[in-house]
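Bear in mind that the values in this text are calculations on the coordinates, not laboratory data. Given the structure is predicted, the values throughout are model-derived calculations rather than measurements. Positions of Cβ are backbone-derived with ideal geometry, glycine not excepted, and every protein chain shown enters the neighbour counts.
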Amino acid sequence: MTKAQTVPVADELVDAALRAAQELGEDVADVPVIVIARHADISRSTLLRRLGGSRAAPDEAVRARGIDPGGAPVRNRAVDAAAAVIGESGLAAATFKEIAARADCSVPSLNAIFGTRDGLLRAVFERHSPVLDIEEFFAQPHGDLRDTVRAFYCLLARALGRRPRVVPAMFAEAFARPSSPAVQSLVAHAAPRMLTLLGGWLAGEVSAGRVRDLPIVLLVQQLMAPMMIHLFMRPVAENTAVAHLPDIDTVCEVFTDTFVNAVAIQQKRMSR
């Protein structure tokens with residue numbers, strides 16, 4: 001029995017998936033998670049958490065109602081299988097042969113759907129990375145700098161803590177083999193989007209006089225690096241008793257203060 005079949009899906013989420021499909025004129029299996037989340041009036045990350053991290057879960061729930069979700073079930077099985085392999089054994093283990101075996105399909109089927117292994121890895125990254133969560137986050141209006149940074153760090157903590165842990169495995173591959181074709185393909189796919197999202201917001205903060213006028217790339221790195229390194233290393237520390245870790249809310253508070261104190265422009269009080 002697959003994971004998608006073992007995850008109970010609430011009726012309201014099934015209804016949301018059906019409404020989203022009707023709105024787009026698409027099969028349920030082809031509706032992006034973020035659209036289903038909008039119809040359910042919850043965030044994408046909350047929806048994924050309620051689905052156990054599996055995009056295939058609502059398709060199976062729709063099928064259980066006697067409705068054909070359509071789409072290409074092999075694609076969903078393959079992306080979930082590849083994510084599981086990457087989370088367990090790293091990027092190098094995600095071969096078409098291994099994924100086909102786990103997804104109960106053939107290697108030619110994977111070639112037909114994704115074209116190349118890089119195409120499959122991009123699909124995995126799109127579904128299991130926090131990029132869509134971040135896009136959704138910055139699509140909303142934000143005011144206070146500190147509140148925004150803290151909310152962003154909480155989002156990262158939830159997204160990178162989800163299983164399968166695909167993004168940490170991809171970063172491990174990037175650090176170990178930065179020139180590998182798979183890494184280069186993923187960087188070319190994801191880096192411009194992330195820089196546009198975070199750089200656009202930070203550039204706005206600079207223009208508004210709330211953040212120091214530093215190179216945007218360095219501001220992005222200063223925002224992301226401490227929190228991501230902590231989240232990547234946290235499972236190791238938790239399982240080795242090397243050090244006692246503060247709870248994740250405290251971590252978000254500390255890193256928020258560190259970033260804001262480093263880059264924020266202190267507004268002087270106007271004397272009357």
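Among the trypsin sites (Lys or Arg not before Pro) in segment 166-248, those placed in a DSSP loop whose Cβ has at most 15 other Cβ atoms within 10 Å are ARG212.
Between MET224 and ALA151, the distance separating the two model label sites (each 7 Å from Cα on the Cα→Cβ line) works out to 2.1 nm. Label reach from SER89 (point 7 Å along Cα→C-beta): in segment 156-200, amide nitrogens under 19 Å belong to 164-174, 177, 182-183.
Our estimate of slack between VAL107 and GLU26, defined as 0.36 nm per intervening residue step minus the Cα-Cα distance, is 26.5 nm. Its relative contact order, with pairs defined as Cα atoms under 8 Å and 6+ residues apart, puts the chain at 15 percent. Amide H contacts for VAL211 (H built 1.01 Å from N in the peptide plane; partners 5 or more residues away or on another chain; cut-off under 5 Å): VAL206, ILE265.
Just how large is the dipole of segment 158-272 about the Cα centre, in debye to the nearest 20, putting +1 at every Lys and Arg Cβ and -1 at every Asp and Glu Cβ?
280
What you get for the chain, charging only the Cβ of Lys and Arg (+1) and of Asp and Glu (-1), is a dipole of about 560 debye around the Cα centre. Note on the chain: Kirkwood hydrodynamic radius from all Cα pairs is 20.3 Å, rounded to one decimal.
From least to most packed, judged by other beta carbons within 10 angstrom and beginning with the fewest, PHE255, PHE171 follow the order PHE171, PHE255.
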